[in-house]
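Data first, discussion second: the structure below is written as structure tokens.
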Amino acid sequence: MIPSQKIDEWVREVEERPSSAPVILRFIASRLSELAQRNEELLAENIELQTGQKVEQYESRIANLEYQLEMLKRQFSQNLLAPAEPAAEMVSALVYNPQGQVLRLELRADELVHNTLITSFPDSAVAGGRLRLLATSSQEELLFIFDSGRTVALPVAEIPAVDPGAPDWQQAYLQDVHGLEELVAIQPIARMALSETCVQVSRRAFVKKIKESFLETYIANNYIGTGVKLQADKTCSLAFCGPDDLLVLVSKEGYVWCIEASRLPFMIEEAQRLRSMDHIITAFSANPQSSLVVVTRSGKAVHRDNSWLELAISLKTQGKPLFSRERRAAGDQVAGAAAINENDWAAALRSDGALAVYKLRDLLGAGSLLPGNASAHILDFATFGAQA
Amino acid sequence: MTLSVGIDFGTSNSGVAVFDGARVRLLPIDDQNVVPEVVKTTLYITKDFHHTIGQEAIELYYRHNVNRLRRFVKKWVGEIDFRGAEMFYVRDVYVYVDELKPGRLLQYIKTALRSQGYQGTQVFDRYYTTADLIAAYLQALKQRAEKLLGEEISQVTLGRPVYFSTDAEQDQKAEDTLRQAAYQAGFQKVQLEFEPVAAALFYEQSLDRPKNVLVFDFGGGTLDITIMSLGDSRRRKVYSSGGIGIAGSDFDRAIIENRMLPHFGKGQVDDNLELIELVNTVADWIALPDLSTPQARMRLKHAIQVGIAPVRLKALESLIFNDLAFTFYNAVEASKIALSDTGASVIRMQAQDIDLWELYTRHQFERDIREYQARIESVLLDTIIQSGLETEQIDAVVKTGGSSYIPAFSEMLNRLFGPERVHSSNMFSSVTAGLAIKAYDSGHS
């Protein structure tokens, strides 16, 4: 529809500049011819619809497609009847306590569903809040690290898997604890051979860098060293780093400290200056491809690009705060953190004993591990690769 | 010796030039463009934060985006802390993100400098401030120029409009942002020069005796006027400078508002506030790409289903969700440019569900920009009064920039000064060339 006001304006143009008349005429004629052609096509289509010719054309095309489909079915019927079933990848979720008790739950990687409750531990065992969680491939080799500096290497498969329906600490695998020592961490070490260095990190943010070749000797001797300078301190994590990797430390109060692994000392040194009540929750290596996820005790999953990280200029610095002062004052604390790819999965252990798995991509979209009205909080959080 | 260049960072087009003391060399910075010495001020940022500019950016955008698939996911982007008298609580913020979006095209970046509210934009997971956007563009420009010259460029003379803003504080802020962007792009020494002054310096090369010259620099983003005494480099004098933030992009907007919105439902959906809001956004190049959300699509689909202006709203849906905004704005701009040579042109766009045909005449255009014309003439007369010169004392009027070729403004200049005193300088490159001369002069003074 062309309103008459518009036609008046065209006429006005011709009155003001008669030289515009042929141009306008040409444009309108060209449009008319275009519309006439379109009109003819539509009329022809209408006749085809009215006479049923179009319906016949479609019916013939559908019959042809059905025939082709049938032929394809026959051609591939053998393959369809007997599809080759690849061996499923198995993932192990290990929940352990300082007394050396370990419960292993085995899950099929191809059956994982986002935001699914895997199991629920008896409340009494969770109440202490000192349980830790590790999720890794069932093919992994594990290193048990005790606060005395003693280590034990063990394949995951040697720890018996328990029934997820009714996990019972009575059936837990028990790694012997000597005297007053405590189990402080279990670390997968299959990546060790691909790394250049291993960094031992303590709860009070002391770090010790160990060359990969020396670490093998340490493991063979069942002793890695306490990795601490203060008596009350304990090892909390090992991180395997490549030559260009960054070491990232994340503290309970939400301070994130990061440095190139190559700049770390081989002697035990205080890396991050923590406040008196703060301690390291986790340490890991990061590369430019990965990004960072931090999970708070209240269940928030905070995603940060690697560019958010600020490289520390020197040791004994506080790191970059993740929370505002108000949030910290309100009691927000970190439960876990990791360097991730969006295709990874995550597992979280809650204070009510529930253990759930999440697809990280969906988790980051949702932003939270817990429903809004949840009374529980997150005890520990672990990530594992899609092909774990 | 450090190499110094002149860069005209324009609203629609940019350029780079060097001066060797005798001859200005405009660099063929965009070999894919019809005029290689002019590069479109367009920036395309891919998902992996790779930056491309000019025609390459546009072609990459088309290749990546037109008629592509979309998949929206709800993404948590952060929290807002609310503080009341006795309470404090945190609220989650979510946005719908098209996770298949391969990149984002930005144009008219320079207008961000004069926009008070615009601080920057989120591109995928990264926030680009205005300075970051300009720096990304200038850096790509610098790299291309270095490749052509075969050496590193450390110094730059950048053009700036006479007024980014009439508010002195905002004007200073815009200048600081531009300067910061240039440093961010890797230049070690940055100086700024008024764009019309630069155009005057270029014009001065053709003078054999001193003259009072009025430069009418009218481009895509601003109109800048300077009245100067030229012809003797020792006695150069700026009598007055003036300007206004009206130019080509405002005219495009006026055309869209007056002529194009009915093609997308204006006049048929005016009583539906949600729909008319969508339709009106078509005129806003910054906001239009952000309309591609599941909610907007649902709103449009529902309206089409219940028979509200189905053909127009289908066209609007196609414009938004097939990433046709850039094609649309280009069609409008091309038609406007054509009106400088002819009395009528057609704004034409054919795509899925869009068959847009609008015969547009010079009479209609002049009617659409009548309000702007009056303001521009008033700024021009004010600048002449401020110079203390009579119009007769102005020996030459030099017009430069794409919009200065719009017949209504050529006629205005002819009427005020007489056609014999009005000269055309190189439409897109006189500012660039003048900036190169300034860069050379500064290095040798």
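The values are calculated or read from the model by the stated rules, or taken from the named source; none is laboratory data. It should be emphasised that the depicted structure is a prediction, and the values quoted were computed from it without experimental measurement. Ideal geometry is used to build each Cβ from the backbone, glycine not excepted, and the neighbour counts take in all protein chains shown. Surface areas here come from the heavy atoms of the whole protein model, side chains and all, with no ligands, DNA or RNA. Shrake-Rupley method; radii C 1.70, N 1.55, O 1.52, S 1.80 Å.
From A:311, A:364, A:292, grab the single residue that is in contact (Cβ under 8 Å) with a residue 40 or more places away in the chain, buried (at least 22 other Cβ atoms within 10 Å of the Cβ) and among the aliphatic types (A, V, I, L, M).
Values: A:311 fails: buried (at least 22 other Cβ atoms within 10 Å of the Cβ); A:364 fails: buried (at least 22 other Cβ atoms within 10 Å of the Cβ).
When all the criteria are applied, what remains is A:292.
Can we say residue A:9 is at the interface with another protein chain (Cβ under 9 Å from one of its Cβ atoms), in contact with a helix residue (DSSP H, G or I) (Cβ under 7 Å, 6 or more places away or on another chain) and within 30 Å of residue B:363 (Cα to Cα)? Give the steps one after another, and end with the answer.
Values: at the interface with another protein chain (Cβ under 9 Å from one of its Cβ atoms): yes; in contact with a helix residue (DSSP H, G or I) (Cβ under 7 Å, 6 or more places away or on another chain): yes; within 30 Å of residue B:363 (Cα to Cα): yes.
Considered against the rule, which asks whether it is at the interface with another protein chain (Cβ under 9 Å from one of its Cβ atoms), in contact with a helix residue (DSSP H, G or I) (Cβ under 7 Å, 6 or more places away or on another chain) and within 30 Å of residue B:363 (Cα to Cα), residue A:9 comes out as yes.
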Quiz item: Of all residues in segment A:275-318 being at the interface with chain B (Cβ under 10 Å from one of its Cβ atoms), among the hydrophobic types (A, V, I, L, M, F, W, C) and in contact with a strand residue (DSSP E or B) (Cβ under 6 Å, 6 or more places away or on another chain), which is nearest to residue B:77 (Cα to Cα)?
Solution: A:302
Quiz item: Can residue B:168 be described as among the hydrophobic types (A, V, I, L, M, F, W, C) and closer than 30 Å to residue B:3 by Cα?
Solution: no
Quiz item: Given (1) under 28 Å from residue A:165 (Cα atoms); (2) open to solvent by 50 Å² or more (accessible area, probe 1.4 Å); (3) more than 13 Å from every other protein chain (Cβ to nearest Cβ); (4) touching a residue at least 40 places away in the same chain (Cβ under 8 Å), where does residue A:321 come up short, assuming only one miss?
Solution: (1)
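Quick one: in segment B:294-350, of everything that is assigned to a loop (DSSP other than H, G, I, E, B) and open to solvent by less than 40 Å² (accessible area, probe 1.4 Å), which residue is nearest to the other protein chains (Cβ to nearest Cβ)? Reasoning before the result, please.
Let us first name the residues in segment B:294-350 that are assigned to a loop (DSSP other than H, G, I, E, B), namely B:306-309, B:322-324, B:339-343.
With open to solvent by less than 40 Å² (accessible area, probe 1.4 Å) added as a condition, the list becomes B:309, B:322-324, B:339-340, B:342-343.
On the way: B:309: 12, B:322: 21, B:323: 23, B:324: 20, B:339: 10, B:340: 13, B:342: 6, B:343: 3 Å.
Looking at the filtered set, the residue picked out is B:343.
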Exercise. Can you work out which of the residues in segment B:56-106 that are open to solvent by 80 Å² or more (accessible area, probe 1.4 Å) and either touching a Ser or Thr at 6+ places or on another chain (Cβ under 7 Å) or small (Gly, Ala, Ser) (or both) is farthest from the other protein chains (Cβ to nearest Cβ)?
Key: B:85
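Which of the residues belonging to segment A:194-217 are assigned to a helix (DSSP H, G or I) and open to solvent by 80 Å² or more (accessible area, probe 1.4 Å)? Show your work before the answer.
Going residue by residue through segment A:194-217, those that are assigned to a helix (DSSP H, G or I) are A:194, A:212-217.
Matches in segment A:194-217: A:194, A:214, A:216.
For (1) in a strand (DSSP E or B); (2) open to solvent by less than 70 Å² (accessible area, probe 1.4 Å), each residue gets a yes or a no:
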site	(1), (2)
A:143	yes, yes
A:148	no, yes
A:152	yes, yes
A:164	no, yes
A:167	no, yes
A:177	no, yes
A:180	no, no
A:186	yes, yes
A:192	no, yes
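May I ask you to verify whether residue B:360 is of a type outside the set (A, V, I, L, M, F, W, C) and either within 9 Å of chain A (Cβ to nearest Cβ) or within 15 Å of residue A:9 (Cα to Cα) (or both)?
Values: of a type outside the set (A, V, I, L, M, F, W, C): yes; either within 9 Å of chain A (Cβ to nearest Cβ) or within 15 Å of residue A:9 (Cα to Cα) (or both): yes.
Criteria met by residue B:360.
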Quiz item: So which of A:94, A:117, A:134 is in a strand (DSSP E or B), under 22 Å from residue A:297 (Cα atoms), open to solvent by 30 Å² or more (accessible area, probe 1.4 Å) and not hydroxyl-bearing (Ser, Thr, Tyr)?
Solution: A:117
Practice problem: Inspect all residues belonging to segment B:202-225 and state whether any of them is closer than 21 Å to residue B:113 by Cβ, of a type in the set (S, T, N, Q) and open to solvent by 10 Å² or more (accessible area, probe 1.4 Å). | Solution: yes
